[in-house]
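Notes for the one structure printed next.
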Amino acid sequence: MASATSHRRCPPMSSNSTIQLFALPHFKPDLYERAWQSIPHPHAPLIATAHHKSVTIFSLSTLSSHSTLSGGHERSVRSIAWKPYATPNKLCLVTGSFDRTAGLWRWEEEGHSSSDALDITATRDSSSDKEDKDWEFTLVLEGHDSEIKSVAFAPGGQYLATCSRDKSVWIWEDIGASESDDEWETVAVLNEHEGDVKAVAWCPETNRRDKGRYAPDCLASASYDNTVRIWREDGDGEWVCVAVLEGHEGTVWGIAWEPRPEGTRYPRLMSWSADCTIRVWELKEEDEEEDKEPQLQYAWGGLRSIPNTMRRSMKDEWECTDILPKAHTRDIYSAAWSQDSGLVASTGSDGILAIYEEEAAGPGILNGERHATDAEANAELDGDVPMTNRHDATPKKQWYIKTTKPNAHGPYEVNHVTWCKRYDSACPPERKGIEEMLVTTGDDGIVRPWQVIR
Amino acid sequence: MDNANPTILTAAQLPTRQSKATKAVVQGPVSQLSELIMRKPKYLSEPFCDVSWHDIREKDNDFTEEPIDEQEIYDLISTISDPEHPISLGQLAVVNLPDIQITPSPSAHSDPDTLITVLVKITPTITHCSLATVIGLGVRVRLEQALPPNYRVDVVIKEGAHSQDDQVNKQLADKERVAAALENDNLKGMLDAMLATCE
């Protein structure tokens with residue numbers, strides 16, 4: 001569609017509420033070398049940062065080092081994924097490395113059987129002699145031919161996806177008899193990308209009921225070939241590519257699923273790229289009930305005239321519905337979509353940290369009625385602004401830049417941004433574990449939390 | 001060897017600046033890392049340089065506000081050796097002063113956090129040069145080591161000089177690929193040898 005081919009000339013700044021960013025004291029110690037990403041634990045007040053051949057775990061309470069994972073990889077660790085549903089007092093994560101392997105690591109709190117594991121792990125003395133002994137490198141996943149760029153656990157923890165410069169995505173299944181039994185097998189090797197696969201992300205669990213072929217267990221991958229691909233399991237254990245999302249004009253550095261979709265809508269997908277844009281994609285769901293009335297299909301053109309049996313061949317129809325207003329001048333390396341607020345944060349080579357919000361286009365402005373001037377209408381016809389889309393009766397929502405922070409890491413590039421809960425002492429006690437902050441990770445080896453104030 | 005008889009410029013034909021005060025070269029954490037990775041044995045330090053790196057270093061104390069200009073960028077990369085000839089990229093006219101562009105133009109009192117883009121268009125000696133990527137990588141690594149962290153280095157093949165421009169340009173622009181390449185022993189060895197003539 002037209003909106004997918006160019007971005008707006010002027011970034012719209014919302015006139016409503018603004019958002020301010022304040023740098024909080026950064027995590028100690030400095031890493032003094034490029035750090036690639038920092039991934040918060042799903043429940044515990046911990047965040048794991050990949051740098052060189054190691055991972056440093058920081059406490060979100062003390063903003064200092066909790067433990068270090070080292071000695072498992074021969075080359076840089078590029079990505080980290082926490083295993084969901086690890087038992088209390090235990091931590092488990094996977095690292096993806098430039099040495100072509102993924103490593104599974106386990107950490108067990110010794111001498112504590114308390115169920116209150118979170119506090120214990122968070123306040124542990126970082127100078128402890130046992131620091132490095134607690135992490136055990138328990139399993140190596142081998143198979144990729146070159147650097148692993150990204151690793152991701154499916155929401156249930158049963159599947160792990162890895163991707164590599166070798167253009168493939170691998171899906172691994174946990175077949176261990178118990179949580180501590182580390183046995184994994186390869187269930188799929190997906191070879192359809194034409195370039196390095198830069199990132200993988202699983203569709204999150206949502207409230208929606210299982211809607212037939214749009215079931216959960218859906219994986220998205222982003223590539224150097226400028227595309228995003230969507231993968232599903234076909235019911236017979238085969239993983240197939242159900243959609244290719246084309247539109248980016250440079251490497252797609254990453255993808256994020258909408259963490260909290262409206263109502264029972266299928267989660268949207270966000271992708272960001274070397275082309276300095278962030279795109280939002282939406283699944284066009286076909287109503288399953290229509291399948292029972294095949295005669296109706298011939299009343300429509302295109303896909304609907306294809307016989308029913310062919311339509312069963314699992315193809316998703318995805319559409320680019322938005323391009324976020326332009327905030328960046330160089331590669332966008334990372335973006336994050338908040339589950340709590342719906343805000344999106346992005347960062348990259350230009351060192352800018354930007355925040356966007358999706359809101360109604362303006363007071364009383366509905367779809368089709370929003371052209372104040374001829375110029376605006378022409379801009380829409382030229383494809384400079386998105387054409388009207390899906391919900392004709394509801395106010396059109398639009399993305400606005402809420403704030404931009406240049407030089408988020410001084411002169412350095414910023415490699416990663418994530419949303420994460422606050423547990424630090426400067427946070428009011430009643431807000432701990434509730435208030436969200438941003439954490440950025442840069443080429444300067446600094447891991448920096450940001451307070452987000454409306 | 002792809003091109004056994006390249007055109008070679010003499011030292012007198014290379015662009016220089018006489019008696020120009022040199023600038024401090026800032027080493028950030030990233031370049032410290034690169035330096036560690038790229039550390040070379042002393043015996044490789046052969047003087048192919050018309051500008052000595054040591055001279056620049058020794059004048060760190062005379063730090064002036066003078067901005068880094070195209071000539072200085074040229075001086076940093078023209079002394080890199082070609083991976084297959086024992087000749088510098090300047091002498092081979094792979095790097096040329098008019099093909100270096102600094103944006104915004106150098107000005108005296110810029111904020112050290114202001115991003116400055118250095119665009120270098122390289123001209124590989126023959127159109128099907130399989131080593132174009134390695135040469136480009138050498139230029140990028142050299143500049144990233146030597147320039148302050150607010151500099152962003154873009155290395156591209158000069159239009160029409162190479163048959164797979166886009167492919168090479170995309171690789172050279174990919175930070176993750178460049179980082180991984182520096183951890184590859186074979187490539188690292190080649191780059192070490194190329195950059196050894198810069199000091």
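Values quoted throughout were computed directly from the atomic coordinates according to the rules given, and no laboratory measurement underlies them. In this text, all values refer to a predicted model and were calculated from it rather than measured experimentally. Counting neighbours? That spans all protein chains shown, and the Cβs are built from the backbone with ideal geometry, glycine included.
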*asked:* Quick query: amide H of A:T138 versus all other amide H atoms, modeled in the peptide plane; which residues come in under 5 Å with a sequence gap of 5 or more or a different chain?
replied: A:L104, A:W105, A:R106
*Just check the stretch B:67-195 against the gyration tensor rule for me: Cα atoms, a ≥ b ≥ c as the square roots of the eigenvalues, rounded for a/c under 1.5, and otherwise prolate or oblate depending on whether a/b exceeds b/c.*
prolate
*To the nearest 0.05, what FRET efficiency results for B:Q164 and B:T103 with a Förster distance of 25 Å applied to their C-beta separation?*
0.45
*Inter-label distance for A:T138 and B:T16, nm, one decimal - labels placed 7 Å from Cα along Cα-to-Cβ*: 6.5
*Give, as ranges by residue number, the residues of the stretch A:324-350 whose backbone N falls under 14 Å from the point 7 Å along Cα→Cβ of A:E358.*
A:324-325, A:336-345
*Subtracting the Cα-Cα distance from 0.36 nm times the residue separation, let me have the gained length for A:E262 to A:E246 in nm, one decimal.*
3.3 nm
_Quick check: pseudo-label points 7 Å beyond the Cα along Cα→Cβ at A:D217 and B:D192, how many nm apart are they?_
4.9
*Can you figure out the FRET efficiency of A:E238 with B:L119, using R₀ = 45 Å and their beta-carbon distance, to the nearest 0.05?*
0.45
*What's the local net charge at A:A408, with K and R +1, D and E -1, over the other residues with C-beta under 13 Å away?*
-3
